[in-house]
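The values are calculated or read from the model by the stated rules, or taken from the named source; none is laboratory data. In this text the structure is predicted, and so the values were computed from the model without any measurement. Here Cβ is always computed from backbone atoms with ideal geometry, including for glycine, and neighbour counts include all displayed protein chains.
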């Protein structure tokens, strides 16, 4: 199964993100149920590793978070691949992501080696011009969302197919 750990976004806050999803050629906008903040992508995991992963994630102790959405961004500057909304720096979120990565390594899963960039993916792009992405970022410059509390994170199963990925919560882990 294909697994990842992520922070869910409260439903009312998702509305603010979904309001941004228009006006960019080649953008494949994320569905409401797929809007989250990824902490660590684990990839394909067998049943034994999944059990170890669930147990390890259950041992993570982290405080409740207050997250503040901010600014927009693009991965792939000359050839936009992803449009996203960022977050104000939050050391506790970074520590939580780091703890998930450590658990992945402990159960011998390939953990990401690059620096963690907390973000909310809004769209994947195909054939989007850099000028279209720049206009999207300009539109986001006046965008504001109030901070929101996070009292848990989830382990999700991601199922791919001809349609957008379907994410199912496999386990929920409280933050204290």
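Looking only at residues in the stretch 9-20 that are at pLDDT 90 or above and part of a loop (DSSP other than H, G, I, E, B), the one that is nearest to residue 154 (Cα to Cα) is 9. Check whether at least one residue in the stretch 43-60 is within 23 Å of residue 165 (Cβ to Cβ) and assigned to a loop (DSSP other than H, G, I, E, B), and report yes or no. Within the stretch 43-60, one or more residues are within 23 Å of residue 165 (Cβ to Cβ) and assigned to a loop (DSSP other than H, G, I, E, B). Of the candidates 69, 10, the single residue that is crowded, with 18+ Cβ neighbours inside 10 Å, touching a strand residue (DSSP E or B) at 6+ places or on another chain (Cβ under 6 Å) and touching a residue at least 24 places away in the same chain (Cβ under 8 Å) is 69.
Per-residue answers, yes or no, for (1) out of contact with any strand residue (DSSP E or B) (no Cβ under 6 Å at 6 or more places or on another chain); (2) under 22 Å from residue 4 (Cα atoms); (3) touching a residue at least 60 places away in the same chain (Cβ under 8 Å); (4) assigned to a helix (DSSP H, G or I):
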residue: 99; (1), (2), (3), (4): yes, yes, no, yes
residue: 104; (1), (2), (3), (4): no, yes, yes, yes
residue: 113; (1), (2), (3), (4): yes, yes, no, no
residue: 168; (1), (2), (3), (4): no, yes, no, no
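Among the conditions (1) in contact with a helix residue (DSSP H, G or I) (Cβ under 9 Å, 6 or more places away or on another chain); (2) within 18 Å of residue 2 (Cα to Cα); (3) part of a loop (DSSP other than H, G, I, E, B), residue 162 misses just one, which is (1).
Which condition from (1) modelled with pLDDT under 95; (2) more than 14 Å from the chain's Cα centre (by Cα) is the one that residue 65 breaks? Exception for residue 65: condition (1).
Say whether the condition of being touching a helix residue (DSSP H, G or I) at 6+ places or on another chain (Cβ under 9 Å) and closer than 18 Å to residue 95 by Cα is met by at least one residue in the stretch 47-55. Yes, the stretch 47-55 contains a residue that is touching a helix residue (DSSP H, G or I) at 6+ places or on another chain (Cβ under 9 Å) and closer than 18 Å to residue 95 by Cα. Being at pLDDT 95 or above, surrounded by fewer than 20 Cβ atoms within 10 Å (Cβ to Cβ) and within 23 Å of residue 145 (Cα to Cα) is true of residue 94.
Here is a check on your reading of the model: is residue 88 within 21 Å of residue 153 (Cβ to Cβ) and out of contact with any strand residue (DSSP E or B) (no Cβ under 9 Å at 6 or more places or on another chain)? Spelling it out, it is not the case that residue 88 is within 21 Å of residue 153 (Cβ to Cβ) and out of contact with any strand residue (DSSP E or B) (no Cβ under 9 Å at 6 or more places or on another chain).
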